[in-house]
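Notes follow once the structure below has been shown.
The values are calculated or read from the model by the stated rules, or taken from the named source; none is laboratory data. Computed from a predicted model, the values in this text were never measured in an experiment. Here the Cβ positions follow ideal geometry from the backbone for every residue, glycine too, while neighbour counts run over all protein chains shown. Accessible surface is based on the protein model in full, side chains and every heavy atom, while ligands, DNA and RNA are left aside. Shrake-Rupley method; radii C 1.70, N 1.55, O 1.52, S 1.80 Å.
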Amino acid sequence: SLSQPVTPELLVSPSSQDGDLGSECPEDRGNWTGRLDFLLSCIGYCVGLGNVWRFPYRAYTNGGGAFLVPYFIMLAICGIPIFFMELSLGQFSSLGPLAVWKISPLFKGVGMGTILIVSLVAIYYNMIIAYVLFYLFASLTSDLPWQHCGNWWNTDLCLDHHVIKTGNTTFPVNISNTVSPSEEYWSRYVLHIQGSSGIGDPGMIRWNLCLCLLLSWTIVYLCILKGVKSSGKVVYFTATFPYLILVMLLIRGVTLEGAWKGIRFYLTPQFDHLLSSKVWIEAALQIFYSLGVGFGGLLTFASYNTFHQNIYRDTFIVTLGNAITSILAGFAIFSVLGYMSQELGVPVNQVAKAGPGLAFVVYPQAMTMLPLSPFWSFLFFFMLLTLGLDSQFAFMETIVTAVTDEFPYYLRPKKASFSAVICITLFLMGLILTTEGGMYWLVLLDDYSAGFGLMVVVITTCLVVTRVYGLKRFCRDIHMMLGFKPGPYFRACWMVLSPATMLALLVYNIIKYQPSEYGSYRFPVWAEVLGILMGVLSCLMIPIGMVVAVLQEEGTLWERVQQASRPAMDWGPSLEENRTGMYVASLAGSQSPKPLMVHMRKYGGITSYENTAIEVDREIEEEEEEESM
């Protein structure tokens, strides 16, 4: 038998004199495995439920086709630039949303705020996926359960539209104070909301919802088990399949009788709307939430890229793809609403709804009017499931990556079990949403968790990168990474336009503040205060982080602040060979005189990125000369 070769003493590298090789460097962080993993993950993350249930309704209430004007302008001003900024930060540093604040340790609280917001969103977002699963299973019948009245959960107000059509009633039926069977199925059977008098009285846990929530958390856990290695493969399905279904629903919708009614409603431009500030604000909000800027998801995904990945191109693919998807979804939704309004003999604006009401009441009701209704219903909910899941992967990946990058030695080897702990914790916190009054809690979370807290986080990020870190330096980093500098459009947006627009959003949100409501139910004051606290808490993380950072420095207060706002010593590209220019030899234990020389030995010759590195070096030297003169 071969004996193990003995390592001679001399071969142990001089840097590890303590002999303890294990503690020297943490386990490798990992990268995406395929070419398309990153792009599809970003598309899957950005294209979520909002594209189907928020955008079409927002467009129709804010001037139809005219809404596309402010929509695309806002996309250009605060969508694309912030998207690109977030991707650049992640890819340049290869760090999660907490550790990335080595860029300016004073503002680490921004990262903590992000994590808080993402955790709250992850709790209720998975509950929506649980509802979708519930309806998905309910669609596996020959007769949809929300098709007729006369079940135990129906009341006397229930009116079945099939009866109106077939019955040769000469007197017109008064529809205004009746309820559709699908609405009662949702509120009285699925939610069982009559068992709760309000948010303070949640009632019993609905066990079937609880099991659906458990199932959705299990699916999410299995998909993020191996981090981006596993979720990067799942998105090949979850990011592309919704498009297939969307096209099927679109073709089905447009061929229905009366479809043009709905589409005319959706697209007729009313340009007088463009004069009101509300429409511009709505457009900006839509862009803001549908691109998922500020949640840390984009930063996390980009941090698993290789250093020279062309994120400039990816930015445009994802943001424009997201916009086109929203517009397409509008056609699919409104063509069906048009058909429905014709069947029921009511105007389109009476059937149009947004949010859960559209997905769980109006659309399912429209499905019952089609031939093969269970099939279409199953397809619709399957589409919602795949749309929701990959956004949820991103939220989870963000939380896990953020914390493991803070403690790489302990947590990186145990990533799978750590993910399990987080999933279980969030599942238990979400149990309140499975009670009979759970919908009230869901609305509260939805309204307050990612409201102004998110805006404050994004505005701060934008200002720190351009003012504290320095726009010049940030552009130089991008130059190092991509081989070209961002143009005047990006610089103008980062410096002035994006922060100003978002500040306007923030102010508008605070001035126009309206307390939450669900249907006719008004939330009590304590619930509102709780909601506002959720938002304020994520903002409070910023000053708390500042205090902690300042306490860790020494000197007078001003010296400490200055010291804490400078990038940490090890800030920069994570791999030695990408550290050129000002980042050379600033890594702990780095012994190379110039990574460029290492590169020459390794690859022979100079690549285009080396040229860039030399250019950037020359630029820095020139600037230093200017300053010293």
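Modelled this way, with points 7 Å down the Cα-to-C-beta line, the labels at residue 552 and residue 76 are 4.2 nm from one another. Once the Cα-Cα distance is subtracted from the 0.36 nm per residue extended length, the residue 275 to residue 507 segment shows a gain of 81.6 nm.
Give, rounded to the nearest 20 debye, the magnitude of the charge dipole that the range 213-301 has about its Cα centre when Lys and Arg contribute +1 at Cβ and Asp and Glu contribute -1 at Cβ.
320 debye
Take the alpha carbon gyration tensor of the range 178-247, find the square roots of its eigenvalues, order them as a ≥ b ≥ c, and report rounded if a/c is under 1.5; if not, report prolate when a/b exceeds b/c, else oblate. It is oblate, given that a/c is not under 1.5 and a/b is not larger than b/c.
Just to confirm my numbers, what's the Cα centroid distance between the range 196-219 and the range 435-498 in Å? Rounded to whole Å, the Cα centres lie 34 Å apart.
Can you tell me the orientation of helix 311-344 relative to the chain, as the angle in degrees between its alpha-carbon axis and the longest Cα principal axis, to the nearest 10? Roughly 10 degrees, rounded to the nearest 10. Accessible-area rank, largest first, for 360, 418: 418, 360, with all protein chains present and a 1.4 angstrom probe.
The amide H of residue 158, built 1.01 Å from its N in the peptide plane, has 179 as neighbours under 5 Å, considering only residues 5 or more places off or on other chains.
Each residue of the range 403-409 was assigned a 3J(HN,Hα) from its phi angle through the Karplus curve 6.51 cos²θ - 1.76 cosθ + 1.60 (θ = phi - 60°); the sequence is 6, 5, 6, 6, 10, x, 5 Hz, with glycine and proline shown as x. To put it simply, the accessible area of the chain at a 1.4 Å probe is 65 percent carbon and sulfur.
Ranked by solvent-accessible area (1.4 Å probe, protein heavy atoms only, all chains present), the residues 282, 577, 257, 184 order from largest to smallest as 257, 577, 282, 184. Cβ-Cβ distance of residue 208 and residue 520, R₀ of 35 Å, FRET efficiency by 1/(1 + (r/R0)^6): the value works out to about 0.85.
Between residue 222 and residue 137, the C-beta separation translates, for a Förster distance of 22 Å, into a calculated FRET efficiency of about 0.75.
Which entries in the list 108/415; 108/226; 278/353; 261/512; 102/415 go over 30 Å, if you measure between the two C-alpha atoms of each?
As for pairs spanning more than 30 Å Cα to Cα, those are 261/512.
The string of couplings for the range 211-221 from the Karplus curve (6.51, -1.76, 1.60, θ = phi - 60°) is 5, 5, 5, 4, 4, 5, 5, 5, 4, 4, 4 Hz, one whole number per residue in order, with x for Gly and Pro.
Computed 3J(HN,Hα) for the range 423-437, one whole-Hz value per residue from the Karplus formula 6.51 cos²θ - 1.76 cosθ + 1.60 where θ = phi - 60°, is 4, 5, 4, 5, 4, 5, 5, x, 4, 4, 6, 8, 7, 5, x, glycine and proline marked x.
Need the full-extension length gain, residue 627 to residue 428, defined as separation in residues times 0.36 nm minus the C-alpha distance. One decimal, nm.
Length gained, residue 627 through residue 428: 65.9 nm.
Against the empirical 2.2 N^0.38 Å (N residues), the chain has a Cα radius of gyration ratio of 1.06.
Ordered from highest to lowest accessible area with the whole protein assembly present and a 1.4 Å probe, 260, 494, 153, 558 read as 558, 260, 153, 494. The angle between the Cα long axis of helix 438-448 and the longest principal axis of the Cα atoms of the chain comes to about 50 degrees, rounded to the nearest 10.
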